[in-house]
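The values are calculated or read from the model by the stated rules, or taken from the named source; none is laboratory data. Predicted model, so just to flag it, every value in this text is computed and none were measured. Please note that ligands, DNA and RNA were not included when accessible areas were found on the heavy atoms of the full protein model with its side chains. Shrake-Rupley method; radii C 1.70, N 1.55, O 1.52, S 1.80 Å.
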Amino acid sequence: MKLRERVGLNVRNLRNSRGLSQEQLALAAEVDRSYISEIELAKNSASIDVLERIAVALGVDPKELFNERG
C-alpha cells in the first residue's frame, strides 16, 4: 500500500471512529470538504501543514496518520 493510500485510510478510519462527517472534519481543519474526500480516496496528497491541522482536528498525534493498521 502506498503511503498516500495509508494516510487516506487512516484519516477516514479516525474520522469515522469519532463520528465526524467530512464536512465537520474539514471545518475543524480549515480545509474544503472536497479536499478531505480527495485525501481519503488517495487522489490528492496533503501538505505537512494540512496533515497537522487534520491530526489536531482528530485529536491525534500527526504520526497516527502514517501508522500501518492491521
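Its residue count N sets the reference 2.2 N^0.38 Å, and the alpha-carbon radius of gyration of the chain equals 0.95 times that reference.
Expressed as a whole percent, the accessible area of the stretch 1-60 that falls on carbon and sulfur atoms is 48 (1.4 Å probe).
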